[in-house]
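Enquirer: The structure that follows is given in the form of structure tokens.
The values are calculated or read from the model by the stated rules, or taken from the named source; none is laboratory data. Here the structure is a predicted model, which means the values were calculated and not measured. Here Cβ is always computed from backbone atoms with ideal geometry, including for glycine, and neighbour counts include all displayed protein chains. Quick note on the areas: whole protein, heavy atoms, side chains included, nothing else; ligands and nucleic acids left out. Shrake-Rupley method; radii C 1.70, N 1.55, O 1.52, S 1.80 Å.
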Amino acid sequence: MRADILREKFLDFFKNKGHRVIESDSLVPKEDPTVLFTPAGMNQFKKEFLGFSSGSRRAATSQRCLRTDDLDKVGKTPSHHTFFEMLGNFSFGDYFKEEAIVWAWEFLTKDLKIKKEKLSVSVYKDDLEAYKIWKDKIKIPENRILKLGDKENFWPAEAREKGPNGPCGPCSEIFFNHKKGQVEIWNLVFTQFNRKEGARLEPLPKKNIDTGMGLERLTAVMQGVYSNFETDLFAPIIKEIISEVNKSPRLELVYTVADHIRAIVFAIYDGVLPANEGRGYVVRKLIRKSRMHLWALGIKKPYLYKLVPEVSQVMQVPYPQLPQRRENIAEIILAEEENFISTFNSSDKLFAEKFSGLLKKEDPQEAGRIAFQLYDTYGIPLELTLGWLKKNAIQFSAQTFNSELAQQKTRSKLKSKMKGEVFALGDLYLGIKETKFLGYQDYTSVSKILRIVRDEKQVKKIIKGEEGQLILDKTPFYPESGGQVGDRGELKKGKNLFVVSDTRKNNKVILHIGMVKAGSLKVGDFVSANIDVSRRLSLARNHTASHLLQAALRKVLGAHVQQQGSLVAEERLRFDFTHFKDIDKGQLQRIEEMVNSAVINNYQLNTKVITLSEAKKKGALAFFAEKYEGKVRVVTIDDVSKEVCGGTHLSSTGAIGYFKITTEGSVASGIRRIEAVTGHFAYKLIKEEKYGFEQELSKKSTRIKELEKQLNLQRADTIKESLDSLIQNAAEINGIKVITQKMENVEMDTLRKTVDLIKGKVSNTIIALGAANQEKALLVMGVTEDLCRKGFSSQELISAVAKIIGGSGGGRPDFAQAGGNNPENFEKAFQELQNIIQNKGL
């Protein structure tokens, strides 16, 4: 039976038992700081286990999970993995042990037809109730019911004695007895106690069920194989790897790569990119470990990225969007592979740098610590490091290396395991019904104060000058969520005034945070709740613009673009997204233009509340959707954008006014950020930029004039120095000296002054100077006073030759000027002047 069928059978079975089938949550836990990655199916239901209602008391999932606490066992055993799928059914204060046990047995023995004699179970040593159900109800022989202690059959392990405090309980495991050994396939956790200080266990008022069954292990059982790596979940990937290896490969290495590539692909699919810390560090480490294994298999060139299509093919039924992302995911893995290969190829240089302090001073312990750092951070195998150390006669402490490795494993386990402390939430907001949000339609409401919290304590009254949190039965105030900041405004009762500086939420309870500015308010008072409307409209502009921005990014850069975070504030918006390359100026302009085009077209926004699965079928983006909400709100902007979003928006895009990108850049490996402004903030920025541009232009214009003045002075000096040369080189026609010269890059004023300077030094001379200025011909002519008395006129001479340069001119007998369009004809004009003088004579 194929894994896809098994997954479907499990979910259908529990759907028929009244469970809501919930889509798998992301590998990145939402609002859960206790773990790096989602390690189990129950993580997305922590609030339900605390008593918060999500609309359903029964749920079933096939949850994608990632753990690194058994990393060193992956590939060496038949069933350890980093990435796996956990099938689970859950009860939130509904059914308990009998139903959980009976249904588990029914699914395995009736639906899957596993032979009963192949199954055995374990129970907690003090859980007589579970023991009796297995023995008397299910009729399992006593010799196949094993009683175990706190470490094996209590959740969290050994919590009874060691903690942490919080919900806990016994568990019962189901095993399949394979000829090669016993395989644990299903764990049923009965959360029935609340651990208190002093190792006291108090019964929970509402008992819960949390079960987990590894799909990979179940698939191995149903396909008649002992190792999970022989199932259809791994076989195509393994076959592809082996096809690339020239010799008989070490299967342990092949299995490890096949496991790791699944974890890598789905981590990137969920927005986690290789980095040097946090989740990104885990992905980087898995890529580098896989790369080392590929080297050992004889695959030297980048290859890991080529396995992405195989993973995509195997997992496309539960994740139909994965094939659309595979090219982008492969590109990210390829870039990381190439970087690591480059690092590895220069390992000698890296070794010399890291161990430089030990070449003269012996310190085996420090050598051990550095070797571990190289292994853990860079993925450099210990064997490679030891070879270099031996060659350079550096002593090495294996004990220190192993100690560092053990500490790292402990840290990894602590990060991968679910921590009970996450349940230790205060009871300040428990017992309050969900706040009714009116803010999509209304900006004001008359509301009742249900609770006042001050200094983390409930109080009945709050007076002038005191800060606190007010909880209302209904409100128009939008709480900070989805990147959009909370509303501000005021709560009034007559002259009594509470100014709301922020709005937050705890589960589905909305908290109005602020201070009493006048009078006092008490629990039970009815107040007028009024938001700051102008601020809300600015927020709506930026939120609607964020949707248009994401649509434009996906259009210009590709469908791989995925939101990684956002800020929707009053004065600006910020949008983080996945993209592995720089964005050039042309692309950025296109993105801005596409958003503004949607603004100009004034598209109407439509909102509709539907199921999440229906929203996804309609093509709505839902990167941060609540996975277990029954209904979600879809915001549609014509055929431009469709997103699951609970934020506040405009009714039409035209109200954005104008959208302007202010900054764009990289904030992490593979993550880029755009910041932008809209509305009057965009107008203000454009005005400031225009004013700044005009100021800068004015400064530059003044500077240019100063430089031109300096240049003209320099040219004048140069011309003065060349006057004697011009005079000496004058032609003589019929006893008259004739000076003609074409000059470069000079203005009319310079030409005029040059004529005057020459006339001051000579007599019996006619002067003609020309210059080309921006494709225009400038011509000046001067006649010395003695020639003027003899009948020569600059005005007559220039009139005769100006037409040759494509213009006309005029002036006085002693000086005239002309302009034209043909500067290339100066030589012809000078020749014509000489001909006139030759013919006229004295």
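Enquirer: For the range 733-767 and the range 240-288, what is the separation of their C-alpha centers, rounded to whole Å?
Expert: Distance between centres, Cα-based: 84 Å.
Enquirer: Just to be sure I understand the curve: with the Debye formula and one point per C-alpha of the range 420-578, what is log10 I(q)/I(0) at q = 0.10, 0.14 Å⁻¹?
Expert: So the normalised log intensities work out to -0.43, -0.74.
Enquirer: Moving on. Taking amide H positions as placed in the peptide plane 1.01 Å from N, state which residues far from Gln562 in sequence (5 or more) or on other chains have amide H under 5 Å from it.
Expert: Under 5 Å from the amide H of Gln562 lie the amide H atoms of Thr578, each far enough along the sequence or on another chain.
Enquirer: Sticking with this structure for a sec: Can you sort Val254, Val667 by solvent-accessible area, 1.4 Å probe, largest first? Before the final figure, lay out each step's value.
Expert: Working: Val254 0, Val667 70 Å².
The ranking, largest first, comes out as Val667, Val254.
Enquirer: Continuing with this model, one more query. Under 5 Å between amide hydrogens, which residues at least 5 positions from Arg488 or on another chain qualify, with H placed 1.01 Å from N in the peptide plane?
Expert: Asp532
Enquirer: Whole number please: convex hull volume per residue of the Cα set in the range 1-110, in Å³? List each step's numbers first, then the result.
Expert: Values: hull volume 14.0 nm³, N = 110.
Convex hull of Cα atoms, per residue: 127 Å³.
Enquirer: Turning to a different aspect of this structure: Obtain the nm distance between the two label points defined at Leu112 and Asp232 by a simple spin-label model: each point lies 7 Å from its Cα along the Cα-to-C-beta direction.
Expert: 1.6 nm
Enquirer: Further question on the same structure: Along the range 194-201, what does the Karplus equation 6.51 cos²θ - 1.76 cosθ + 1.60 (θ = phi - 60°) give for ³J(HN,Hα), rounded to whole Hz, x for Gly and Pro?
Expert: 10, 6, 10, 4, x, 6, 7, 10
Enquirer: Give me the compactness ratio for the range 45-93, meaning the Cα radius of gyration over 2.2 N^0.38 Å. Walk me through the numbers before you get to the answer.
Expert: Details: Rg = 14.9 Å, N = 49, 2.2 N^0.38 = 9.7 Å.
Ratio of Rg to 2.2 N^0.38 Å for the range 45-93: 1.54.
Enquirer: So if I take the centroid of the Cα atoms in the range 507-557 and the same for the range 578-607, what is the distance between those two points in Å?
Expert: 25 Å
Enquirer: Also, quick follow-up: At a probe radius of 1.4 Å, what is the per-residue accessible area of Leu128, in Å² to the nearest 10?
Expert: Here the residue's solvent-accessible area equals roughly 100 Å².
Enquirer: Keeping all protein chains in position, work out how much accessible area Phe175 exposes to a 1.4 Å probe, and write it in Å² to the nearest 10.
Expert: 30 Å²
Enquirer: What is the distance in Å between the Cα centres of the range 102-141 and the range 301-335?
Expert: The range 102-141 and the range 301-335 have Cα centres spaced 40 Å from each other.
Enquirer: First select every other residue whose beta carbon is under 15 angstrom from the beta carbon of Arg535; then total the charges, Lys and Arg +1, Asp and Glu -1. Let's see the in-between values first.
Expert: On the way: positive: Arg488, Arg536, Arg541, Arg572; negative: Glu480, Asp487, Glu490, Asp502, Asp532, Glu570, Glu571.
So the environment of Arg535 carries a net charge of -3.
Enquirer: With the cut-off at 1.5 for a/c, could you classify the range 90-140 from its C-alpha gyration tensor as rounded, prolate or oblate? Working shown, then result.
Expert: Numbers: a/c = 2.27, a/b = 1.22, b/c = 1.87.
Judged from the Cα gyration tensor, the range 90-140 comes out oblate (a/c at least 1.5, b/c at or above a/b).
Enquirer: To continue, here is another question. So for Thr653, Thr663, what's the accessible-area order with a 1.4 Å probe, most first? Could the numbers behind the result be given before it?
Expert: On the way: Thr653 0, Thr663 70 Å².
Final ranking, largest accessible area leading: Thr663, Thr653.
Enquirer: In addition: Heavy-atom accessible area of Lys391 with all protein chains present, probe 1.4 Å, nearest 10 Å²?
Expert: Taking all protein chains as shown, Lys391 has close to 150 Å².
Enquirer: Tally Lys and Arg at +1 and Asp and Glu at -1 over the other residues with C-beta under 12 Å from the C-beta of Gly18: what net charge comes out? Intermediate results must be reported in sequence, preceding the final value.
Expert: Numbers: positive: Lys15, Lys17, Arg20, Arg57, Arg58; negative: Asp94, Glu99.
The answer is +3.
Enquirer: A follow-up question, please. Given a 1.4 angstrom probe, I'd like the percentage of the accessible area of the range 646-775 that is carbon and sulfur, rounded to a whole number. Intermediate results must be reported in sequence, preceding the final value.
Expert: Numbers: 3700 of 7570 Å².
Result for the range 646-775: 49 percent of the exposed heavy-atom area is carbon or sulfur.
Enquirer: To continue, here is another question. Over the range 756-842, what portion of Cα pair distances is larger than 23 Å, expressed as a whole percent?
Expert: Values: 634 of 3741 pairs.
Of all Cα-Cα pairs in the range 756-842, 17 percent lie more than 23 Å apart.
Enquirer: Then there's this: Compute and list, largest first, the equivalent-ellipsoid semi-axes of the range 561-626 from the alpha carbon gyration tensor, each √(5λ) rounded to a whole angstrom.
Expert: Values: eigenvalues 120, 64, 38 Å².
Result for the range 561-626: semi-axes of 25, 18, 14 Å.
Enquirer: Now a separate question. At 222 nm, what helix-only mean residue ellipticity would the chain give, in deg cm²/dmol to the nearest 500, using -39500 (n - 2.57) for each DSSP H run of four or more?
Expert: Only helices count here, giving -11500 deg cm²/dmol.
Enquirer: Can you list residues whose amide H is under 5 Å from Asp363's amide H, if they're 5+ apart or on another chain and H is modeled 1.01 Å from N?
Expert: Gln395
Enquirer: Ok, one more. Can you run phi through the Karplus equation (6.51, -1.76, 1.60; θ = phi - 60°) for the range 637-650 and list ³J(HN,Hα) in whole Hz, with x for Gly and Pro?
Expert: Calculated HN-Hα couplings, in order: 10, 6, 9, 8, 8, 8, 9, 6, 7, x, x, 9, 9, 6 Hz.
Enquirer: Residues with beta-carbon under 12 Å from that of Phe234, excluding Phe234: net charge, scoring Lys, Arg +1 and Asp, Glu -1? List each step's numbers first, then the result.
Expert: Values: positive: Lys239, Arg262; negative: Glu216, Glu230, Asp232, Glu240, Asp259, Glu310.
In short, -4.
Enquirer: What number, in percent, do you get for the relative contact order of the chain if the mean sequence gap of Cα pairs under 8 Å and at least 6 apart is divided by its residue count?
Expert: Values: 1573 pairs, mean separation 59.5, N = 842.
Across the chain, relative contact order equals 7 percent.
Enquirer: Expressed as cubic angstrom per residue, what is the convex hull volume of the alpha carbon set of the range 591-737? Mind showing how you got there, number by number?
Expert: Numbers: hull volume 37.9 nm³, N = 147.
It comes to 258 Å³ per residue, whole-number rounded.
Enquirer: Separate question: Answer with one residue from Val755, Ser120, Met86: the one whose Cα lies farthest towards the positive end of the charge dipole of the chain, charges on Cβ with Lys, Arg +1 and Asp, Glu -1.
Expert: Farthest towards the positive end: Ser120.
Enquirer: Explain nothing, just compute: Karplus ³J(HN,Hα) = 6.51 cos²θ - 1.76 cosθ + 1.60, θ = phi - 60°, for every residue of the range 691-708 in order, whole Hz, x for Gly and Pro.
Expert: So the J values, rounded to whole Hz, are 4, x, 5, 5, 4, 5, 5, 4, 4, 5, 5, 4, 5, 4, 4, 4, 5, 4.
Enquirer: Another one. Could you sort the peptides 108-119, 54-65 by per-residue average Cβ neighbour count (10 Å cutoff), highest mean leading? Numbers along the way, then the final one.
Expert: On the way: 108-119: 14.2, 54-65: 20.9.
Highest to lowest by the protection proxy: 54-65, 108-119.
Enquirer: Using only alpha-carbon positions, what ratio does the radius of gyration of the range 169-295 give when scaled by 2.2 N^0.38 Å? Before the final figure, lay out each step's value.
Expert: Details: Rg = 19.9 Å, N = 127, 2.2 N^0.38 = 13.9 Å.
Ratio of Cα Rg to 2.2 N^0.38 Å: 1.43.
Enquirer: Suppose the chain between Glu244 and Asn276 were pulled fully straight at 0.36 nm per residue; how much longer would it get relative to their current alpha carbon spacing?
Expert: Numbers: separation 32, 0.36 × 32 = 11.52 nm, distance 3.01 nm.
So the extension gain works out to 8.5 nm.
Enquirer: If you wrap a convex hull around the C-alpha atoms of the range 510-625 and split its volume per residue, what is the figure in Å³? Walk me through the numbers on the way to the answer.
Expert: On the way: hull volume 20.9 nm³, N = 116.
Spread over its residues, the Cα hull of the range 510-625 gives 180 Å³ apiece.
Enquirer: With every protein chain kept in the model, how would you rank Asp639, Asp348 by accessible area, 1.4 Å probe, largest at the top? Display every interim value, and only then the final one.
Expert: Working: Asp639 130, Asp348 85 Å².
I get Asp639, Asp348, largest accessible area first.
Enquirer: Something else now. Treating the beta-carbon of each Lys and Arg as +1 and of each Asp and Glu as -1, no other charges, what is the dipole magnitude of the range 97-220 about its Cα centre, to the nearest 20 debye? Spell out each step's value before the answer.
Expert: Values: 24 positive and 20 negative charges, 77 e Å.
Computed charge dipole of the range 97-220: roughly 360 debye.
Enquirer: Project the alpha carbons of the chain onto their principal axes and report the range along each, largest first, in whole Å.
Expert: That gives 143, 85, 54 Å along the principal axes, largest extent first.
Enquirer: Lysines within cross-link reach of Lys790: Cα-Cα under 17 Å, excluding same-chain residues under 8 positions apart?
Expert: Those lysines meeting the cut-off are Lys737, Lys759, Lys840.
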